[in-house]
1. Does A:I336 satisfy being touching a residue at least 12 places away in the same chain (Cβ under 8 Å), over 30 Å from A:E7 (Cα atoms) and surrounded by 15 or more Cβ atoms within 10 Å (Cβ to Cβ)?
2. So which residues in segment A:25-57 are without any contact (Cβ under 8 Å) to a residue 24 or more places away in the chain and within 14 Å of RNA strand B (Cβ to nearest atom), if there are any at all?
3. Inspect all residues belonging to segment A:268-278 and state whether any of them is away from RNA strand B (no atom under 15 Å from the Cβ) and either over 25 Å from A:S102 (Cα atoms) or basic (K, R) (or both).
4. Taking the condition away from RNA strand B (no atom under 11 Å from the Cβ) and at pLDDT 95 or above, does A:L257 pass?
5. Looking only at strands (runs of 3 or more DSSP E) that fall completely inside segment A:241-359, which ones have 3 or more residues that are more than 20 Å from the chain's Cα centre (by Cα)?
6. Could we say that A:E183 is open to solvent by 30 Å² or more (accessible area, probe 1.4 Å) and touching a residue at least 60 places away in the same chain (Cβ under 8 Å) here?
7. Can you name the residue in segment A:58-78 that is free of Cβ contacts under 8 Å to residues at least 40 places away in the same chain and more than 11 Å from RNA strand B (Cβ to nearest atom) and, of all such residues, is least open to solvent (accessible area, probe 1.4 Å)?
Amino acid sequence: MSAIKFEITHVCKQSGARCGILHTPHGDVETPMFMPVGTLATVKYVSPEELKAIGAGVILSNTYHLWLRPGEDIVAEAGGVQKFMNYNGPMLTDSGGFQVFSLADSRKIHEEGVTFKSHLDGSTLFLSPEKSIQIQNKIGADFIMSFDECAPYPSTYDYMKNSVERTLRWAKRGKEAHQRPEEQALFGIVQGGEFEDLRKLCAETLAEMDFPGYSIGGTSVGESKETMYKMIDYSVKYLPWEKPRYLMGVGSVDAILEGIARNVDMFDCVLPTRIARHGTLMTSQGRVNIKRKEYERDFTPLDPECDCPTCRNYTKAYLRHLNKCGEGLGARLMSIHNLRFLLKLSEDARKAIKEDRFGDFKNEMFKKYGLNSVDSRGF
RNA sequence: GCGAUUGUGGUGUAGCGGUUAACACAGCGGGUUGUGGUCCCGUCAUGCGUGGGUUCGAAUCCCAUCAGUCGCC
């Protein structure tokens, strides 16, 4: 018995995009959905109550970071990450595979696992598939991830082939080490870069292992949008229809819409919260850099079409002022807005799918934001 | 009034005979995709109080002048 149940409720007659419901131990959520990232058991500057209020479903946390601080035992002692941070909803932890990739200084990848340096004190750390799952079992998120290698882009075919094969062996080891399959859904991660046969090999082998869901990894690492969409195609094509798919680390408007069109159900990204902290906002009018002088005396809302607390109560001039002064409230109000923007985009996409007009919806959004379908900056 | 001392971008400073006048902050513009990072990148003084002079060459030396600061009358 799996921890989650995925129910596909409708397939758009116009586009073939799908929507559904994910039943989790901490409640039901609708797909396709965007999932805010809260690396250290906190979505930076935003409280769990605020996340709920703007319609967040699943939120992420991170194995590597919680392992280092405060330590998985403390999170377990608190009653799991949901109780620890008081988030009354489903959560997902990334395995730490991406951190090994992004904190790449002097890392060594072996069959057994990865040796690398702590970003906090430089000490040597070791993470393996078993260790990652063991930590995730203690952290207690509803969705947990296999420990994979997120290979750099571009990688040679030979490197990627070896990497994928190892990632598959790691997936098997992680699955065997998983102690709580009835409470936590472990996803396998499809790698393989831009090579179709490697994506196919990876997806099909994972499918044989029968995971409750599948992630698509190795995207948003420097490749073009066109290449990213191919990577998605080459992965989704070989995955079982009835299981949820999660495109890791993708959060620009265009890529989310292209992902939904390709039957991806879950997305996460630090983009909305990171750019918000630095003053860039996703709005119905396109990208807004709140630092610009033109907003100095602009006493209108950030986005007139947005229903978030920031847009209902504050002006661009004030947000600009907070950002210029480095005040935390600015980061907070703008993070809330950007998250609401992507959560609303998910809601609108689901509605369009249910009404069999997702194709039109996607085209309208691209037109509205001045995006092109293959290679654009997005937001 | 006399003496000393200091005048370099919006700000604080570095440079003390040959630099593309350096650095930081502020300003302006851009970036950010399974979050190490309130972070990264670009741009910003045709000019060193002003006027002369010395020198191949002056922000740097000399003279005058103006302004500030500190003493003494």
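The values are calculated or read from the model by the stated rules, or taken from the named source; none is laboratory data. Since we're looking at a predicted model, the values are computed, not measured. Neighbour counts are summed over all protein chains in view; Cβ atoms, including those assigned to glycine, are modelled from backbone coordinates with ideal geometry. Surface areas here come from the heavy atoms of the whole protein model, side chains and all, with no ligands, DNA or RNA. Shrake-Rupley method; radii C 1.70, N 1.55, O 1.52, S 1.80 Å.
1. Working: touching a residue at least 12 places away in the same chain (Cβ under 8 Å): yes; over 30 Å from A:E7 (Cα atoms): no; surrounded by 15 or more Cβ atoms within 10 Å (Cβ to Cβ): yes.
Considered against the rule, which asks whether it is touching a residue at least 12 places away in the same chain (Cβ under 8 Å), over 30 Å from A:E7 (Cα atoms) and surrounded by 15 or more Cβ atoms within 10 Å (Cβ to Cβ), A:I336 comes out as no.
2. Of everything in segment A:25-57, just one residue is without any contact (Cβ under 8 Å) to a residue 24 or more places away in the chain and within 14 Å of RNA strand B (Cβ to nearest atom), namely A:S47.
3. no
4. Criteria met by A:L257.
5. Where strands (runs of 3 or more DSSP E) fall fully within segment A:241-359 and carry at least 3 residues being more than 20 Å from the chain's Cα centre (by Cα), they are A:286-289.
6. Working: open to solvent by 30 Å² or more (accessible area, probe 1.4 Å): yes; touching a residue at least 60 places away in the same chain (Cβ under 8 Å): yes.
So A:E183 passes the test.
7. As a first pass, look at segment A:58-78 and keep what is free of Cβ contacts under 8 Å to residues at least 40 places away in the same chain: A:59, A:62, A:65, A:70-71, A:74, A:77-78.
Narrowing further to those that are more than 11 Å from RNA strand B (Cβ to nearest atom): A:70-71, A:74, A:77-78.
Values: A:P70: 57, A:G71: 13, A:I74: 84, A:E77: 158, A:A78: 41 Å².
Among those residues, the one meeting the criterion is A:G71.
Here's the yes/no breakdown for (1) touching a Pro at 6+ places or on another chain (Cβ under 8 Å); (2) open to solvent by 10 Å² or more (accessible area, probe 1.4 Å); (3) among the hydrophobic types (A, V, I, L, M, F, W, C):
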residue	(1), (2), (3)
A:S102	no, yes, no
A:S106	no, yes, no
A:H110	no, yes, no
A:P129	no, no, no
A:Q134	no, yes, no
A:T156	no, yes, no
A:Y159	no, yes, no
A:E165	no, yes, no
A:W170	yes, no, yes
